[in-house]
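Encoded as structure tokens, the structure appears first; notes follow it.
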Amino acid sequence: MDFSRYFRDYPSPDGFFGPYGGAELPPELEAAFKEINDAYQAICQSAHFINELRRIRREFQGRPTPLYHCDRLSRKLGNCQIYLKREDLNHSGAHKLNHCMGEGLLAKYMGKKRLIAETGAGQHGVALATAAAYFGLKCEIHMGEVDIAKQAPNVTRMKILGAEVVPVKIGLRTLKEAVDSAFASYAKNYRDSIYCIGSVLGPHPFPLMVRDFQFCIGEESRAQFLEMTGHLPDAVTACVGGGSNAAGSFAAYLNDPVELIGVEPLGRGSGLGEHAASMNYGTPGSMHGFRSYMLKDENGNPAPVYSIASGLDYPSVGPEHALWHDLGRVRYLTASDAEAVDAFFKLSRYEGIIPALESSHAIAYAMRWAKEHPYGSIIATCSGRGDKDIDYVVEHYGYGDEYAFRD
Ligand SMILES: *Cc1c(COP(=O)(O)O)cnc(C)c1O
């Protein structure tokens, strides 16, 4: 397939990736999203904006992040070569800062004074609060009361960084209500505020904009792999929640002979409510302002979803992934909770890297791929570090002593 024209053809000017994407907005938000789109279209071509973002990435974020050859892990599996793109070494510990710094810089250029967002597990909230502090902007994070109780360390981080955490007390008091609450605040305040979506999701231009801000992952890994080995990797894999780290990991390779694999969370199994594998078990439909694959219940509402990795439990997926799926350019497979935990311990024990449980899904798949391709090479994106997950893992799975060093 020829992807040399891909970035000119997609998305369409109104934000469609084939039949997916678009912007389904309540009338009171149409003007606000048009303003964001116009501003982004103007600055994404501006050398001044691009240079400023590059400087921030180098001096504040710690980019480029390393590409690391997992020698011991690879040898344990045979003759394959597994590489990790170390997004866990980004300042604040995950790839999310890539798009939050972009969104913060956009807000600054638009003359906005405040960033508004919702957060579920709190990872997006922490990254956005970090960006807001850097740019000297106010930050308002809407979070369900149930999530606030579960995610105390992230709530503390947001508050130390100066963000206002707005507790949402309606409905089930989780992510869905937090989205509604954040949108309502934005509709009231959009003249001096900007809404910041945490993945390649939501109405146009966010799927495009967040993918562009994450593009550096694959752009760097491609150049780094070429420099280290003189050729391209056989495969690149990343975990898929909303799909931002995967979109950023894959986009630079679309026109290369490189296999691309997104890994969705299979959770405890394939029954509705047991997983969050939207592409594998979902159907096309609309929610949260855009069209994509999604998991729905019998009434057509967003289905309950589950994964051991809270950053992956979203009932839909970015619209560009839906297009890549239909074009056959990217394959979307799954890894279960149990496989993710196994990968979590193996990477910790054999390489000295504790990965986030989200990232562990990609690493689990890379190990499966490696066994099937004895002389192949694969890059897995390590989207974040696992410090946030250690208490949960130890409580439910112990310290992983069954993985003790035996050579
Ligand atoms: C939020 C998060 C994810 C999932 O988000 P995507 O948009 O699918 O990338 C994955 N890994 C980590 C560490 C996260 O914090």
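The values are calculated or read from the model by the stated rules, or taken from the named source; none is laboratory data. Note that the structure is predicted; figures quoted are calculated from it, not measured. Cβ coordinates were reconstructed from backbone atoms using ideal geometry, including for glycine residues, and neighbour counts include every protein chain displayed. Note: accessible area is taken over every heavy atom of the protein model, side chains too, but ligands, DNA and RNA are not part of it. Shrake-Rupley method; radii C 1.70, N 1.55, O 1.52, S 1.80 Å.
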Tell me the carbon and sulfur percent of the accessible area for the range 1-153, rounded to whole percent, probe radius 1.4 Å. 53
On the full set of protein chains, 1.4 Å probe, figure out the accessible area of GLU219 and give it in Å² to the nearest 10. 100
Unit-weight point scatterers at every alpha-carbon of the range 236-300, Debye formula, q = 0.12 1/Å: log10 I(q)/I(0) is -0.37
With every protein chain left in place and a probe of 1.4 Å, what is the accessible surface of LEU327, to the nearest 10 Å²? 60
Cα Rg, Dmax, the range 64-146, angstrom units: 17.4, 55
Charge dipole (debye, nearest 20) of the range 155-218; +1 at Cβ of Lys and Arg, -1 at Cβ of Asp and Glu: 180
Percent of all alpha-carbon pairs of the range 1-108 at distances over 17 Å, whole number, is 71
Which whole-percent values make up P(r) of the range 71-197 when all C-alpha to C-alpha distances are grouped in 10 Å steps starting at zero? 14, 39, 26, 10, 8, 2
Hz values of 3J(HN,Hα) by residue in the range 15-27 - Karplus curve (6.51, -1.76, 1.60), Gly and Pro given as x: x, 9, 9, x, x, 9, x, x, 9, 9, 10, x, x
Please report Rg (one decimal) and Dmax (integer) in Å for the Cα set of the range 326-407. 13.6, 45
Descending semi-axes in Å of the range 244-376, equivalent ellipsoid built from Cα gyration tensor: 25, 19, 12
For the range 370-396 and the range 151-204, write down the distance between their C-alpha centroids in whole Å. 29
With the 8 Å Cα cutoff and a minimum separation of six or more residues, the range 27-109 has a relative contact order in percent of 25
Given Cα pairs under 8 Å that are at least 6 residues apart, what percent is the relative contact order of the chain? 19
Hey, can you grab everything whose amide H is under 5 Å from the amide H of TYR83? Only 5+ residues off in sequence or another chain; H modelled, so Pro and N-termini drop out. CYS70, ILE378, ILE379, ALA380
Remind me, relative contact order of the range 257-300 in percent, using alpha carbon pairs under 8 angstrom and six or more residues apart? 25
Reported to the nearest 10 Å², LEU272 has, with a 1.4 Å probe, an accessible area equal to 100
Starting from the Cα of ARG331, move 7 Å in the Cα-to-Cβ direction to define the label point; list residues of the range 224-249 whose amide nitrogen is under 17 Å from there. 233-240
Here the range 248-261 yields Karplus 3J(HN,Hα) values (6.51, -1.76, 1.60; θ = phi - 60°; whole Hz; Gly and Pro given as x) of x, 6, 8, 4, 6, 9, 4, 9, 9, x, 10, 6, 10, 9
Cα-Cα pairs of the range 123-219 separated by more than 15 Å (percent): 65
So how strong a dipole does the chain carry about its Cα centre when Lys and Arg Cβ are +1 and Asp and Glu Cβ are -1, to the nearest 20 debye? 860
Between GLU52 and THR156, what's the calculated FRET efficiency when r is the beta-carbon distance and R0 is 25 Å? Round to 0.05. 0.25
Computed FRET value (nearest 0.05) for HIS396 with LEU272, which takes r as the C-beta separation and R₀ as 22 Å: 0.40
Between the alpha-carbon centers of the range 1-35 and the range 290-360, tell me the distance in whole angstrom. 23
Amide H contacts under 5 Å for VAL166, restricted to residues at least 5 apart in sequence or on another chain and with H modeled in the peptide plane, are ILE141, HIS142, MET143
Distance in nm between ARG5 and THR229 label points, each 7 Å along Cα→Cβ, equals 3.2
Share of pairwise Cα separations in the range 177-336, more than 23 Å, in percent: 41
Built amide H within the under 5 Å cut-off of GLY21, gap 5+: ARG291, SER292
Find the Rg to Rh ratio for the chain, where Rh is the Kirkwood radius over alpha-carbon pairs and Rg uses the same atoms. 0.94
Most mobile of LEU208, LEU226, LEU312 per a Gaussian network model of the chain (Cα springs, under 10 Å)? LEU226
